[in-house]
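Chemist: Take this structure, written in structure tokens, and hold onto it; I'll ask about it next.
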Amino acid sequence: MRIAYITAGAAGMYCGSCLRDNTLAAELLARGHEVTLIPTYTPTRTDETNVSRKRVFLGGINVYLQQHVALLRRTPWFLDRLWDAAPVLRLATRWGVRVDPARLADLTISMLRGPAGFQRKEIAKLALFLKDEVAPEVVNLPNSLLVGLAPELKRRLGVPVFCTLQGEDLFLDGLPEAHRQEALRLIRSHAGSVDGFLAVSRYAAQSMSGYLGIAPEKIRVVPLGINLDGHGGAEADGSNTFTVGYLARVAPEKGLDRLCEAYRLLDLRKPGAPSRLWAAGYLAPEHHPYLEGIERKLAAWGLAGRFRFHGEVDRAGKIEFLRNLSVLSVPSPYNEPKGLYLLEAMANGVPVVQPRRGAFTEIIEATGGGILVDSDDPEAFARAILSLWDDPDRRRELGRRGREGVRAHYSAGTMAEAALAAYRSFL
């Protein structure tokens, strides 16, 4: 099958959606399918072999400039190539990009208008490339925020268009209300040009069906999958230090502050017992004050020496980080539709403690690799983590189940098979 798979770059960040798209494309290529992974906005950053094209379409600089400078919407295409060059895009995003929905509201609406928006020139470039150089049998959009491309691509290419649902509601809910309502209207108006939607979890399928007004029969679930190479080695830390870990973006919606409060309660219950709190993940410029506030609290509680922020880690660093954990918890206060970090932790035999919400429930129930907490209260998380600290045998058993469960239900191969079955069911 010839598949044009469009993915949305996230500047210099290891983005869960980018990692997922790249893993899926790589697995489909390994199975003999002709997959062209096409980055938009910026080059993608992955922690394994990147199979995306070098050329970026809908380059972030051009998209932004054409939103704000009318003259640049009519300049010859060859003049735009400078701003789409990968080194230029990387330089422009070198120190991080603020992903503030309120600041991007007008641009979001323009992109959802497709050729009727200010980026019509960039859309035409992508459509021409797909028609002349790829000739796909299937086009897959990365999320509903790019569904404005669907009518034009379907018109020019005459092939089925699919769209992945990966949790765009968090961004949409952050838009000013008038923009949010307009964005939802535009997405719903373009949904008829999409042959099928592929959700990354059962939760995402159910929630996005209602949120975007998509008929349930038009959605298939393609669960997350990870490349298991390198995961699952022996536990690295032979010490008696109980290590609580966090691996996700450092942002309020991921809940590091809640985990720190739970860790404080753990320390009060086991004074003097050797323990530490480790965190790793992308820190956006706008969230530096958030982390600094957490560090001030830990210092006030006398726990500054127990906390270590490892920053963003590459694949080898991530696996090493996970192998040193006793338990992982990302107590997100919102309904997370993915939870890639849970699969990575469990693949390394690390049990997880998560709130019973979003995709966490189905992942942990499918794998058996962790504990679901019914309350957002840090006290509840502290009790669950403490139960694993006090019962090493149970901790090891959950780790074993998680490792086996990820291999059975959430491998890259399982994800590729589900994607192909979804395409074929609509074709």
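Chemist: Of all residues in the range 128-172, count the ones that are more than 20 Å from ILE187 (Cα to Cα) and assigned to a helix (DSSP H, G or I).
Modeler: 8
Chemist: A further question on this structure: One residue is enough: does the range 378-389 have a residue meeting the conditions assigned to a helix (DSSP H, G or I) and closer than 30 Å to LEU29 by Cβ? Steps first, answer last, please.
Modeler: Going residue by residue through the range 378-389, those that are assigned to a helix (DSSP H, G or I) are 378-389.
After this cut, where a residue has to be closer than 30 Å to LEU29 by Cβ as well, the list is none.
Looking for residues that are assigned to a helix (DSSP H, G or I) and closer than 30 Å to LEU29 by Cβ, one finds none in the range 378-389, hence no.
Here's the yes/no breakdown for (1) in contact with a Leu (Cβ under 7 Å, 6 or more places away or on another chain); (2) part of a helix (DSSP H, G or I); (3) in contact (Cβ under 8 Å) with a residue 12 or more places away in the chain:
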position: GLU27; (1), (2), (3): no, yes, yes
position: GLY32; (1), (2), (3): no, no, no
position: THR44; (1), (2), (3): no, no, yes
position: ASN62; (1), (2), (3): no, yes, yes
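Chemist: Check off (1) surrounded by 16 or more Cβ atoms within 10 Å (Cβ to Cβ); (2) modelled with pLDDT under 80 for TRP95 and give me the number that stays unchecked.
Modeler: The failed condition is (1).
Chemist: Report every pair of residues separated by at least 6 positions or lying on different chains whose Cβ atoms are under 8 Å apart, first residue within the range 188-200 and farther than 13 Å from GLU217 by Cα, second of a type in the set (Ser, Thr, Tyr).
Modeler: Sorted first by the residue in the range 188-200, then by its partner, the pairs are VAL200/THR164.
Chemist: Please state which one of GLU253, GLU320 is among the charged types (D, E, K, R), in a helix (DSSP H, G or I), farther than 30 Å from ALA199 by Cβ and out of contact with any strand residue (DSSP E or B) (no Cβ under 7 Å at 6 or more places or on another chain).
Modeler: GLU320
Chemist: Just to be sure, is ARG120 under 30 Å from ARG249 (Cβ atoms), surrounded by fewer than 22 Cβ atoms within 10 Å (Cβ to Cβ) and not assigned by TED's automatic domain parsing to the domain that holds GLY358? Break it down stepwise before answering.
Modeler: Working: under 30 Å from ARG249 (Cβ atoms): no; surrounded by fewer than 22 Cβ atoms within 10 Å (Cβ to Cβ): yes; not assigned by TED's automatic domain parsing to the domain that holds GLY358: yes.
Answer is no for this residue.
Chemist: For MET415, only one of the following conditions fails: (1) surrounded by fewer than 17 Cβ atoms within 10 Å (Cβ to Cβ); (2) out of contact with any strand residue (DSSP E or B) (no Cβ under 7 Å at 6 or more places or on another chain). What is its number?
Modeler: (1)
Chemist: Continuing with this model, one more query. For the range 357-379: of the residues being touching a residue at least 60 places away in the same chain (Cβ under 8 Å) and among the hydrophobic types (A, V, I, L, M, F, W, C), which is farthest from GLY225 (Cα to Cα)? Quick ask: steps written out before the conclusion?
Modeler: Start the filter on the range 357-379 by keeping residues that are touching a residue at least 60 places away in the same chain (Cβ under 8 Å), which leaves 358-359, 361-363, 376, 378-379.
Next, from what is left, pick out any that are among the hydrophobic types (A, V, I, L, M, F, W, C): 359, 363.
Values: ALA359: 13, ILE363: 11 Å.
That would be ALA359.
Chemist: Is the range 211-218 home to any residue that is under 19 Å from the mean Cα position of the chain (by Cα) and of a type in the set (Lys, Arg)?
Modeler: For the range 211-218, residues under 19 Å from the mean Cα position of the chain (by Cα) and of a type in the set (Lys, Arg): absent.
Chemist: Moving on to the next point. Pull up the range 277-290, narrow it to residues that are surrounded by fewer than 18 Cβ atoms within 10 Å (Cβ to Cβ) and at pLDDT 95 or above, then point me to the one that is nearest to GLU48 (Cα to Cα).
Modeler: Here the residue is HIS288.
Chemist: Identify the residue in the range 352-377 that is of a type in the set (S, T, N, Q) and outside any helix (DSSP H, G or I) and, among all such residues, is farthest from PRO223 (Cα to Cα).
Modeler: Filtering the range 352-377 down to residues of a type in the set (S, T, N, Q) leaves 354, 361, 367, 375.
In the following step, the residues that additionally are outside any helix (DSSP H, G or I) were identified as 354, 375.
Working: GLN354: 18, SER375: 26 Å.
Within the range 352-377, the match that is farthest from PRO223 (Cα to Cα) is SER375.
The values are calculated or read from the model by the stated rules, or taken from the named source; none is laboratory data. The structure displayed is predicted, hence computed values, not measured ones. Ideal geometry is used to build each Cβ from the backbone, glycine not excepted, and the neighbour counts take in all protein chains shown.
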